[in-house]
Amino acid sequence: MVDESALKVRALGCTEDAAFDWLHEVESHVAADSPLHEILRRIVDFAAALVSCDSCFVYVLEQDELVLRASKNPRNHAVNQLKLRVGEGITGWVAEHLQPVALAHGAFRDARFRFFNELPEDRYEAFLSVPILCRGKAVGVINLQHREEHTYTRRQIQFISTLGFLVGAAIKIAQLEERNYQLSQQLEDRKVLERAKGIVQRELGLSEEEAYISLQKRSRRLRKPLREIAEAVVLDAKTRDGQKNST
């Protein structure tokens with residue numbers, strides 16, 4: 001399926017006014033409560049369409065590491081696997097110094113370049129790396145790469161940098177929402193587990209620790225998540241209580 005973002009950007013002819021209009025449209029989409037993976041997909045689609053390249057990577061800053069979270073590349077198996085420290089490689093340098101780097105040739109010979117064992121065949125001549133910013137701090141990095149020499153125009157650098165500026169807040173918000181969701185799930189897990197422990201304690205006459213160990217053993221034996229085991233215990237108790245009440 002042909003990506004609509006790519007078609008639209010190419011149709012713009014990359015004129016300055018049209019490209020900035022499209023940047024604003026991208027901003028409205030990524031700010032519309034979209035999940036993080038969707039935001040990142042839009043970033044790579046737009047960036048790779050604006051500057052035709054051999055690959056486009058988006059790294060997201062998570063704690064003190066830059067993690068590859070999106071890729072427009074024939075070999076995208078490295079997504080969610082590649083990690084860099086801030087300051088490591090060209091990507092890490094950009095995240096640390098909050099400045100774009102544009103290399104027209106010999107990028108893989110640059111002293112800052114990081115070679116990945118996961119992508120041993122990758123050798124790029126040209127490399128454009130720009131920070132994704134939120135309130136003056138890095139939240140990620142966008143990389144465009146070419147196997148042949150390629151001079152990035154001032155306009156191209158400006159457009160990609162503007163993209164990094166516009167989507168920074170959306171990425172940060174999406175990260176916070178995902179973290180809040182995870183915390184909410186952990187809280188629900190704890191509530192279900194506490195209920196299941198209470199049921200096991202009452203029915204088997206066990207201590208709280210013994211009840212927890214019993215649930216853990218059942219989880220390992222059945223090879224199912226602990227929450228699933230706890231939910232089954234709670235559901236079974238509810239079913240038995242319902243049957244008692246109906247008689």
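The values are calculated or read from the model by the stated rules, or taken from the named source; none is laboratory data. Nothing here was measured: the structure is a model prediction, and the numbers come from that model. So basically every Cβ, Gly included, is an ideal-geometry build from the backbone, and we count neighbours across all protein chains shown. Heads up: the accessible areas ignore ligands, DNA and RNA and are worked out on the full protein's heavy atoms, side chains in. Shrake-Rupley method; radii C 1.70, N 1.55, O 1.52, S 1.80 Å.
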Selection from segment 130-140 of residues of a type outside the set (D, E, K, R) and either part of a helix (DSSP H, G or I) or more than 15 Å from Phe46 (Cα to Cα) (or both) yields Pro131, Leu133, Cys134, Gly136, Ala138, Val139, Gly140
Looking at segment 142-152, is at least one residue at positive phi and loosely packed, with under 13 Cβ neighbours inside 10 Å? no
Contact list, first residue from segment 40-67 and without any contact (Cβ under 8 Å) to a residue 40 or more places away in the chain, second anywhere and open to solvent by less than 10 Å² (accessible area, probe 1.4 Å) and part of a loop (DSSP other than H, G, I, E, B), beta-carbon distance below 8 Å, six or more apart or interchain, is Val67/Leu82
Report yes if Glu208 is over 24 Å from Gln185 (Cα atoms) and open to solvent by 80 Å² or more (accessible area, probe 1.4 Å), otherwise no. no
Under 7 Å by Cβ, and 6 or more places apart or on different chains, what pairs join a residue from segment 141-165 that is farther than 20 Å from Leu66 by Cα and in a loop (DSSP other than H, G, I, E, B) with one that is of a type in the set (Gly, Ala, Ser) and open to solvent by less than 20 Å² (accessible area, probe 1.4 Å)? Glu149/Ala126; His150/Ala126
Segment 112-141, residues that are among the charged types (D, E, K, R), at pLDDT 85 or above and open to solvent by less than 50 Å² (accessible area, probe 1.4 Å): Glu125
Looking only at segment 196-216, decide whether some residue is among the aromatic types (Phe, Trp, Tyr) and without any contact (Cβ under 8 Å) to a residue 60 or more places away in the chain. yes
Looking at Arg195, Arg190, which is the one that is part of a helix (DSSP H, G or I), at pLDDT 90 or above and more than 31 Å from the chain's Cα centre (by Cα)? Arg195
Limited to segment 98-111, what total is found for residues that are surrounded by 13 or more Cβ atoms within 10 Å (Cβ to Cβ), at pLDDT 90 or above, out of contact with any Gly (no Cβ under 9 Å at 6 or more places or on another chain) and of a type outside the set (A, V, I, L, M, F, W, C)? 1
Within segment 219-247, take every residue that is modelled with pLDDT of 90 or more and farther than 12 Å from Ala196 by Cα and give me the one that is least open to solvent (accessible area, probe 1.4 Å). Ser219
Can you pull out every residue in segment 168-184 that is open to solvent by less than 80 Å² (accessible area, probe 1.4 Å) and touching a strand residue (DSSP E or B) at 6+ places or on another chain (Cβ under 6 Å)? Gly168, Ala169, Ile171
Please work out which residue is modelled with the highest pLDDT, limiting yourself to segment 69-92 and to residues that are open to solvent by less than 60 Å² (accessible area, probe 1.4 Å) and among the polar types (S, T, N, Q). Thr91
Cβ-Cβ under 9 Å pairs, at least 6 apart or on other chains, segment 166-193 side under 18 Å from Lys224 (Cα atoms), far side of a type in the set (Phe, Trp, Tyr) and part of a helix (DSSP H, G or I): Leu193/Tyr212
